[in-house]
Amino acid sequence: MARPRKPLLSTDRIVETARALVDAEGLTAVSTRRLASELGVSGPSLYNHFRTKDEILEAVADSVSAQVDLSMFEDGRDWRTALHDWAVSYRAALRDHPNVVPVLARGPGRRPAALRLADAAYGAMVEAGWPPAQATSIGALMRYFIMGSALGSFARGFVDDASAYDPADYPHLGQAHLLAEQREKIDERAFETGLTALLDGLARQYEQLPQEGGQLTAGTGTEPATGTG
């Protein structure tokens, strides 16, 4: 009887296993020894695909960036709607993989999916008429906002013990102990409130952009082309 063959080791299989470890236990759970054990292979075999642990974590981060929908920048949606829908998709990917956010927060680096994300967002803003320098700022602003919203939960920061919020000390926190059980609803509402306020502000700036012949002019800008990742 033939011996069962081990599944072939591949880059995708390593990344999927590493991502599952990060999701379940955090970034520190990933090591070549632990991954080799999870994959049922010898440690040295991993080096045929990745040279270091950092390379593995970079690949895990990029696999999360690849989950962000970019179709809104290609199907004719106006810039504001596209930014909104993209931000929602981006945050959803980070919400599903919160432990990898610290790696993503370093910026796109050389990660292909993250660079495609940055290119799409920046390009759509310039095509909509934003000057390149402002398009760069919008990319940075969106990155700050989305990453920040994914780093932690506001509601989860409150304990469910009413005695922790003595009215004598905290007269306005009488219902704070109820926040944790409504965490998802509160965090989603806060994200939408902030995103709407952010886009409202950008829309006012957009209305003030120079006009030429009825069309918005992109201007020249001085910053290099970039978006967010």
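Dipole magnitude of the stretch 81-196 about its Cα centre, charges +1 at Lys/Arg Cβ and -1 at Asp/Glu Cβ only, in debye to the nearest 20?
Computed charge dipole of the stretch 81-196: roughly 660 debye.
Could you tell me what percent of the accessible area of the chain is made up of carbon and sulfur, with a 1.4 Å probe and every protein chain present?
52
Using per-residue counts of other Cβ atoms within 10 Å, averaged over each peptide, order 60-71, 8-19 from highest down.
60-71, 8-19
Between A133 and F154, what's the calculated FRET efficiency when r is the beta-carbon distance and R0 is 30 Å? Round to 0.05.
Efficiency at R0 = 30 Å is approximately 0.40.
Full-extension gain between R189 and A203, please, as 0.36 nm times their residue separation minus the C-alpha to C-alpha distance.
Result for the pair: 3.0 nm of gain on full extension.
Taking square-rooted eigenvalues a ≥ b ≥ c of the alpha carbon gyration tensor, is the stretch 127-171 rounded, prolate or oblate, where a/c under 1.5 means rounded and, failing that, a/b exceeding b/c means prolate?
prolate
Starting at the first residue of the stretch 53-62, write each ³J(HN,Hα) from the Karplus equation 6.51 cos²θ - 1.76 cosθ + 1.60 with θ = phi - 60°, in whole Hz, x for Gly and Pro.
4, 4, 5, 5, 5, 4, 5, 4, 4, 5
How large is the charge dipole for the stretch 1-150, taken about the Cα centre, if only the Cβ atoms of Lys, Arg (+1) and Asp, Glu (-1) carry charge, to the nearest 20 debye?
So the magnitude is around 660 debye.
Would you calculate a helix-derived [θ] at 222 nm for the chain, using -39,500 (n - 2.57) for each DSSP H run of n ≥ 4 and dividing by the full residue count, to the nearest 500?
Theoretical 222 nm ellipticity from helices: -17000 deg cm²/dmol.
For the chain, what class follows from the C-alpha gyration tensor (a ≥ b ≥ c being the square roots of its eigenvalues): rounded when a/c is under 1.5, otherwise prolate if a/b is larger than b/c, else oblate?
Taking the square roots of the gyration eigenvalues as a ≥ b ≥ c, the chain is oblate.
The values are calculated or read from the model by the stated rules, or taken from the named source; none is laboratory data. All values derive from a computational prediction rather than experimental measurement. Ideal geometry is used to build each Cβ from the backbone, glycine not excepted, and the neighbour counts take in all protein chains shown. When the accessible area is computed, the model is the full protein with side chains, heavy atoms only, and any ligands, DNA or RNA have been set aside. Shrake-Rupley method; radii C 1.70, N 1.55, O 1.52, S 1.80 Å.
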